[in-house]
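Read the structure below first, then the notes.
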Amino acid sequence: MKELIHRMDLSARLHMGMGNTYLAEYIELQKASIEKICVGHPYIASTFYMPGEIYRLFDVEAIYIERLAGFAAANRLLPDIKLYSCVNRLPECACSYQIAFDSLLRKNCIPYPREIVALSYACDDAWMYGYYASEKYRTQFYFIDVPRNLEILGEQLKALSSKLRGRYREKNSTREIVDISNKTIALKEEIDRLRFENPGIMNSMDAFRMFTLYNDLGNPKVFDVLNNLKKRIHENLKGYTSPTGPKILWLGVIPLYHNRIVADLEKRYGCKIVYEELFDFTNQYLSVENFFYDLASRIEKSVFFSLQNRLESIMHYKKAMGFDGIVHFSQRNCRFLPSMVPVLRREMEKAGIPFVEVAGDVVDPNDFNIERFWNVMDVFFESIYGGTKFGYKGTRY
Ligand code: SF4
């Protein structure tokens, strides 16, 4: 992990030097957590969507499997994922986030977790890997089967918290965690409002860099990160003009090793990515009395929880800011997101919204064809522009 920590340090300092305080703080926050576990602090390896507020109650670090894999991928520090999965007999159809994380554990880049916590939402791959890794690395495994029942999910989160209470010292009270989480959500709501009222006011790539803050909502430093982001948005408002080109909604992920893909797309087609569903935090407020049930409610209301949630969110974005087309980036081998695409496409057709799906592996650069990506985009934007063709590097004719 030394190399990753070094690169994160460089990246944080670079962003600080460029005045992107929020990005520098975000990276520092993640770096501090990795540094802590590298010197022996116990940690829980967790799947995405497991509410970070529960971990913040205790004196233990939480490393989100997909996030750590994402950092390693963005810094091109991963081995050949396919080869690794083949040699180590991981399922060929497994999601590369988990394979990447396993490669980091196996190579002793990070210590083994004290326990692994996995939800059955968003996907089965994540919890199945959690179970596999707990056997392989002899760690405790906690599984939360996310039902379509708020009470049962709330009870399971409560039971998990009780188990963790038996293993770790309590660090924060529920009241403290609820207060900071609610304060942060209020700020996030304000940022969303500014973005909806002023489409394109925020650099979309920054949203992709920071969307995993969703998992850190009980951490007071997240408030600082978002507060500095809000300040940047206010600065941007001074010279703001509404985008003249097409406004695009981005669904799904982005290839993490192509950190210029959004900027290149905006430049090539004169468009603006105005929102990313991954940056939608659901904005659920918490209460001390119903802490676990409110967290369960946040999971159930999240964008990806059901097709219905996703469709309603898209229509909400459409009403709030309007957009001219949708790009859906599907992760290779994801059992979850791509399966929703046929219905999304049909519904968008009915609503008269141009929709395109592109696919690739967000972690493994060997499974993403950039030429094919631009070819598909050329055709998509040709339809949005009503016949304007795009040639090499976006030349219009
Ligand atoms: S990308 Fe898909 S398969 Fe991979 S962890 Fe996320 S939901 Fe699961």
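The values are calculated or read from the model by the stated rules, or taken from the named source; none is laboratory data. Predicted model, so just to flag it, every value in this text is computed and none were measured. Counting neighbours? That spans all protein chains shown, and the Cβs are built from the backbone with ideal geometry, glycine included. For the accessible areas, the whole protein counts, side chains as well, though only heavy atoms, and no ligand, DNA or RNA atoms are used. Shrake-Rupley method; radii C 1.70, N 1.55, O 1.52, S 1.80 Å.
Do we find a residue being more than 19 Å from the chain's Cα centre (by Cα), assigned to a loop (DSSP other than H, G, I, E, B) and buried (at least 18 other Cβ atoms within 10 Å of the Cβ) anywhere in the stretch 189-198? The answer is yes, given that some residue of the stretch 189-198 is more than 19 Å from the chain's Cα centre (by Cα), assigned to a loop (DSSP other than H, G, I, E, B) and buried (at least 18 other Cβ atoms within 10 Å of the Cβ). Within the stretch 121-143, restricting attention to residues that are assigned to a helix (DSSP H, G or I) and of a type in the set (Ser, Thr, Tyr), which residue is surrounded by the fewest Cβ atoms within 10 Å (Cβ to Cβ)? Top of the filtered list is Tyr131. For the stretch 211-228, the criterion of being more than 28 Å from Met348 (Cα to Cα), assigned to a loop (DSSP other than H, G, I, E, B) and out of contact with any helix residue (DSSP H, G or I) (no Cβ under 7 Å at 6 or more places or on another chain) is met by none of the residues. Among the residues of the stretch 342-358, those identified as surrounded by 17 or more Cβ atoms within 10 Å (Cβ to Cβ) and either closer than 20 Å to Val303 by Cβ or among the aliphatic types (A, V, I, L, M) (or both) are Leu344, Met348, Ile353, Phe355, Val356, Glu357, Val358. Here Ala24 passes the criteria (1) more than 16 Å from the ligand (Cβ to nearest atom); (2) crowded, with 22+ Cβ neighbours inside 10 Å; (3) over 22 Å from Ser134 (Cβ atoms) except the one numbered (2). Among the residues of the stretch 236-252, those that are surrounded by 11 or more Cβ atoms within 10 Å (Cβ to Cβ) and either in a helix (DSSP H, G or I) or more than 16 Å from the ligand (Cβ to nearest atom) (or both) comprise Asn236, Leu237, Tyr240, Pro243, Gly245, Pro246, Lys247, Ile248, Leu249. Across the stretch 359-371, the qualifying residues are those that are open to solvent by less than 10 Å² (accessible area, probe 1.4 Å) and of a type outside the set (Gly, Ala, Ser), and the one among them that is nearest to the ligand (Cβ to nearest atom) is Val362.
The residue that is farthest from the ligand (Cβ to nearest atom), counting only those in the stretch 314-358 that are touching a helix residue (DSSP H, G or I) at 6+ places or on another chain (Cβ under 6 Å) and among the small types (Gly, Ala, Ser), is Ala320.
Could you give every pair whose Cβ atoms fall below 6 Å, whose first residue belongs to the stretch 121-137 and is closer than 23 Å to Ser302 by Cα and within 14 Å of the ligand (Cβ to nearest atom), and whose second residue is among the β-branched types (Val, Ile, Thr) and open to solvent by less than 30 Å² (accessible area, probe 1.4 Å), counting only separations of at least 6 or pairs across chains? The qualifying pairs are Tyr121/Val146; Ala126/Thr47; Gly130/Ile116. Being surrounded by fewer than 17 Cβ atoms within 10 Å (Cβ to Cβ), assigned by TED's automatic domain parsing to the domain that holds Val358 and either touching a residue at least 60 places away in the same chain (Cβ under 8 Å) or under 24 Å from Leu295 (Cβ atoms) (or both) is the requirement here; does Pro255 meet it? When the stated conditions are applied, Pro255 does not pass them. Of all residues in the stretch 144-166, those satisfying the criterion of being part of a loop (DSSP other than H, G, I, E, B) and either loosely packed, with under 14 Cβ neighbours inside 10 Å or at positive phi (or both) are Asp145, Arg148, Asn149, Gly166.
Selection over the stretch 59-108 of residues that are in a loop (DSSP other than H, G, I, E, B) and either farther than 17 Å from Ile34 by Cβ or open to solvent by 20 Å² or more (accessible area, probe 1.4 Å) (or both) gives a count of 17. The condition of being more than 12 Å from the ligand (Cβ to nearest atom) and at pLDDT below 95 holds for only one of Leu68, Leu78, Leu57, that being Leu78. The sole residue among Leu4, Leu10 that is aliphatic (A, V, I, L, M), open to solvent by 40 Å² or more (accessible area, probe 1.4 Å), part of a helix (DSSP H, G or I) and not assigned by TED's automatic domain parsing to the domain that holds Thr139 is Leu10.
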